[in-house]
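The values are calculated or read from the model by the stated rules, or taken from the named source; none is laboratory data. Just so you know, these numbers come straight off a predicted model, no measurement behind them. For the accessible areas, the whole protein counts, side chains as well, though only heavy atoms, and no ligand, DNA or RNA atoms are used. Shrake-Rupley method; radii C 1.70, N 1.55, O 1.52, S 1.80 Å.
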Amino acid sequence: MKIAFVGKGGSGKTTLSSLFIRHLATTGSAVVAVDADINQHLGAALGLDEEVAAELPAMGARLPLIKEYLRGSNPRIASAETMIKTTPPGQGSRLLRVGENNPVYDACARPVELDGGTVRLMVTGPFTEADLGVACYHSKTGAVELCLNHLVDGRDEYVVVDMTAGSDSFASGMFTRFDMTFLVAEPTRKGVSVYRQYKQYAQDYGIALKVVGNKVRGDDDADLDFLRSEVGDDLLVTVGQSDWVRAMEKGLPPRFDLLEEPTRGALRTLQDAADATYEARDWERYTRQMVHFHEKNARSWGNERTGADLAAQIDPGYVLRESVTAPV
């Protein structure tokens, strides 16, 4: 299952995504965690030393390797240089699976040992001074989008992406790449403002969207009533204050099995909601959306930048499915 955590800056989305990743690790499931946020805090939230987290290999810096591997023997793609973030797979393309070993994971993923198990962590890489004035952050998240376009995942396999804050995700088609999007919102007007933007943008694409109310005071019904009035049935669960989380944010997390039961219950609710989308998967729609955004990017900038007709990369008879096989 492909799962995104979104929300405004400071909403707690990175903290909640890290808790969810820790929870999934306790189930023994295969998990790939991806930090696609401009601030790159997921590694630290998963317990890595800040210096170790800063040394994680950036996906954006390894984009040529990623493209060359995913291209495989696809005859519609003349060269890896003509691939862009939205290039869809076709006959001959190599695909990624959550639990396998492959050159992309070898180059870009690192194992993170948690007290419930091990997950793979991938990062886009930080926005540096060299990027200022000459690049947008979406040039870095393009590696994530390309990998998601070539990913086939099954039941009890999870890719959890901590997305960039706010509604910036809609600058590309990456927001359509997920089975479930959890929007983390505080019980404030600013907290739910990103929800309104997401709801508006996502309604035409069949995006499964649920709201996680964060920093909700259990002794104050006004917080819960406010969220219900603002987001209605999209409110899935709420999370309150946690001594465990406060210790984790100080770099001293207790054993995960000591996390307070209300928060553990909320994490189980998130997993149940994500798992419930499995039967509703529509791979044909997923592929159509991929093609739609590729054609859009080809016309607006891709053809000019690569000097190629990128629409010719689309394999009209190809549908990405869980059962698709790819060349070795």
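Side notes on the structure shown:
- Ranked by solvent-accessible area (1.4 Å probe, protein heavy atoms only, all chains present), the residues Tyr286, Tyr201 order from largest to smallest as Tyr201, Tyr286.
- Proximal lysines relative to Lys8, as straight alpha-carbon distance under 19 Å, when same-chain residues fewer than 8 apart are discounted: Lys190, Lys199, Lys210, Lys215
- Counting protein heavy atoms only, region 1-159 has 50 percent of its accessible area on carbon and sulfur, 1.4 angstrom probe.
- When the chain is treated as a GNM with alpha-carbon contacts under 10 Å, the residue of Ala222, Ala274, Ala109 showing the greatest mean-square fluctuation is Ala222.
- Tilt relative to the chain, helix 221-231 - C-alpha long axis, 0 to 90 degrees, to 10: 20 degrees
- Comparing Asp225, Asp162, Asp179 in a Gaussian network model of the chain (Cα springs below 10 Å), the most mobile by mean-square fluctuation is Asp225.
- Protein heavy-atom accessible surface, 1.4 Å probe, per residue over the chain: 44 Å².
- Stokes-Einstein diffusion for region 2-48 at 37 °C, viscosity 0.692 mPa s, with a Kirkwood radius from C-alpha pairs, works out to 294 µm²/s.
- Long-range HN-HN contacts of Gly125 with modeled amide H, under 5 Å: Met59
- Between Ala107 and Val52, the contour length at 0.36 nm per residue exceeds the alpha carbon distance by 18.2 nm.
- Multiplying the residue separation of Arg228 and Ala78 by 0.36 nm and subtracting their alpha-carbon distance yields 48.8 nm.
- With every protein chain in place, region 215-328: carbon and sulfur % of accessible area (1.4 Å): 48 percent
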